[in-house]
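The values are calculated or read from the model by the stated rules, or taken from the named source; none is laboratory data. What you see is a predicted model; the values in this text were computed from it and never measured. For neighbour counting, all protein chains shown are included, and Cβ atoms are generated from backbone atoms with ideal geometry for every residue, glycine included. These accessible areas exclude ligands, DNA and RNA; they are computed on the full protein's heavy atoms, side chains included. Shrake-Rupley method; radii C 1.70, N 1.55, O 1.52, S 1.80 Å.
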Amino acid sequence: MRVFITMIYRQTKRFFRARSRVMGMIINPLIWLVFFGLGWSKVFDNPMARTIFGGVDYLTFLAPGIFAMTIFNQSFVSGVSVIWDKQFGFLKEVLVAPASRKETILGRLTGDSLLTTIQGFIILLLTFLLAENLKISGIIPALLIGFLLAIAFSGFGTSLALKMESMEGFQMIMMVLMLPLTFLSGAIYPIEAMPSWMKALAYINPLTYAVDGARYYLVGANVTKFSITIDWAVLSLIAVVLVSLAMVEFEKATID
Amino acid sequence: MYAIEVENLVKKYGDFEAVKGISFKVNRGEIFGFLGPNGAGKTTTVHVLTTLLRLTSGKATVAGHDVVKEPMEVRKRIGIVFQDPSLDRELTAYENMYIHGRIYGLTGNKLEEKIERLLKFVELWEFRDKPVKTFSGGMQRRLEIARSLLHEPEILFLDEPTIGLDPQTRAHIWDYIKAMKEEHNMTIFLTTHYMDEAEQLADRIAIIDHGKIIAEGTANELKKLVGNDVVYLKLEAPEEVKCLKAEFIKGCKILADGKVQLEVENAAEALPKLFTLVQHLGVKILEVTYHRPTLNDVFLHLTGREIREESGENPFKIVRMRVRR
């Protein structure tokens, strides 16, 4: 428990030390919400479009998507930031310590995920200013969904970073994975509207279930694709698998 | 019981054998110097002994525990200053210390007192709230030393502790290392490619080259491998000079330029005797030079190569003195 808390402390300290980064993390989703969301919401301001988006206006449809997207992006980046620890040597300090490595990495992932969820919360509050029909009662369960998403992708990013040799590889993976996963999650347009091959990809995309779950709590059951039980089950399973993977990778880690 | 016991340690990276079956023992409370050129296998050995790399074959025991079977027990008892920085650059000096202490099980007042004492020891207390990324190389190294002492390790590993530092900072770090040994009777395993560093600090030295230990002993024992000290005398009337004879002179040669070359066991003790001897002969000494074998000579003698010096200092310590009479 001691090491677990210490790692949360470390991640938190690091996070708030980099103020410009904190700003950048909030600005990016805001750009999506305002310039993308507000723009399209005017285009979709008609009854026919409302049917496509489950009977709500476009901004309301988009808001949970932006929330999930923010958490997804940030958690992935924070997971992969293990590569910086590798680069700047702090990883050695951790690996040589007489502490359980599982506990160490779990502390790190939890710390990062809490911070990421807080960022998601800030974005959520901002979306409430723009989108009209979001439920305030949905905030807390949506944040829980967000935390699960965060820890899953932090774990995934960590495993990748431990395997990776160079920063170039990191840039590549960001490009190849992040945007497609976002588009294939139903965050921006409904999965129903996708061609069947895209639908298939959307179904195996973990982000889909986070978007769907967040939408359930923030907008309502009528706009979701899956039942909320499925969302929770899939997300939990993926989180357990990806976090375990990170723990195994970290346990094996040596320095070369 | 030895602090470190290594038997036939082999470490391979694929086909490349970085460490080719080395064996040595380190006594408790001594500074053991691991001297060798870059790429000799020093850091690999340190990483194996500190449980960060798995050995390919052989056996290594650190603080009484096998590094392969009981890595956790080893980790509890060692401290390490890596060759490359391993600090969290975003955090302050104090936070780096604090996190290290917590990970090693220290808490509360005890931890705070220790951090203060150690940061004062390495003279960084006034910089405690500055982020490490603003520190110079020397300050970072000092912080790493302080951090490695926080949990009071039985054995401290210092991997090239002064590499890339200016001479003043190096001397400073040497003082800390000496103080650590004296005040805490700590066992220190020190790797270096600086001969002066090994000579200044280490009680015993193992010379490693191409993954093999090629000699081991105290600095004086190693120098004896090369031979005696050599004294050169330039006399006023060289044509009249014959070889000098005395019980302490192990060899004598007249050089082409008329200088007399004498082999003695210890130049410092032999010089006054030589002066008296020459004075009795009624000859004036114009110049005296002497050369003691250095660890570099030892390395040269054993391998036919020099350890590459990066500090820019002359490895040969030649003392010149003029005697006016």
_Hey, A:Thr110 open to solvent by less than 10 Å² (accessible area, probe 1.4 Å), in contact (Cβ under 8 Å) with a residue 24 or more places away in the chain and of a type outside the set (A, V, I, L, M) or not_ = no
_Under 6 Å between Cβ atoms, which residue pairs at least 6 apart in sequence (or on different chains) link something in region A:122-145 that is closer than 21 Å to A:Phe72 by Cα with a partner that is open to solvent by 80 Å² or more (accessible area, probe 1.4 Å)?_
none
*Selection count where residues are open to solvent by 10 Å² or more (accessible area, probe 1.4 Å) and either in contact with a Leu (Cβ under 7 Å, 6 or more places away or on another chain) or farther than 13 Å from A:Ser236 by Cβ (or both), scope region A:137-152*: 7
*Tally the residues that are facing chain A (nearest Cβ under 10 Å) and either over 22 Å from B:Lys76 (Cα atoms) or open to solvent by 10 Å² or more (accessible area, probe 1.4 Å) (or both), restricting the search to region B:45-66.*
4
*How many residues are of a type outside the set (Val, Ile, Thr), surrounded by 20 or more Cβ atoms within 10 Å (Cβ to Cβ) and either over 28 Å from B:Thr192 (Cβ atoms) or more than 8 Å from chain A (Cβ to nearest Cβ) (or both) if we restrict to region B:75-89?*
1
*Looking at (1) modelled with pLDDT under 95; (2) more than 8 Å from chain A (Cβ to nearest Cβ), which is the one condition that is false for B:Met72?*
(2)
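Which of the residues that make up region B:19-50 are of a type in the set (Gly, Ala, Ser) and within 21 Å of the chain's Cα centre (by Cα)?
Initial filter on region B:19-50 (of a type in the set (Gly, Ala, Ser)): B:21, B:23, B:29, B:33, B:36, B:39-41.
Residues satisfying the conditions are B:Ser23, B:Gly29, B:Gly33, B:Gly36, B:Gly39, B:Ala40, B:Gly41.
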*Considering only residues that are open to solvent by less than 40 Å² (accessible area, probe 1.4 Å) and touching a residue at least 24 places away in the same chain (Cβ under 8 Å), look in region A:25-49 and name the one that is nearest to B:Ile99 (Cα to Cα).*
A:Met25
*Go through the residues of region A:12-24 one by one and say whether even a single one is more than 14 Å from every other protein chain (Cβ to nearest Cβ) and surrounded by fewer than 21 Cβ atoms within 10 Å (Cβ to Cβ).*
yes
*Which condition breaks for A:Thr208 when tested against (1) closer than 20 Å to A:Phe44 by Cα; (2) touching a Gly at 6+ places or on another chain (Cβ under 6 Å); (3) free of Cβ contacts under 8 Å to residues at least 60 places away in the same chain?*
(1)
*Is it true that some residue in region B:152-165 is closer than 26 Å to B:Gly41 by Cα, open to solvent by 50 Å² or more (accessible area, probe 1.4 Å), away from every other protein chain (no Cβ under 14 Å) and in contact (Cβ under 8 Å) with a residue 12 or more places away in the chain?*
yes
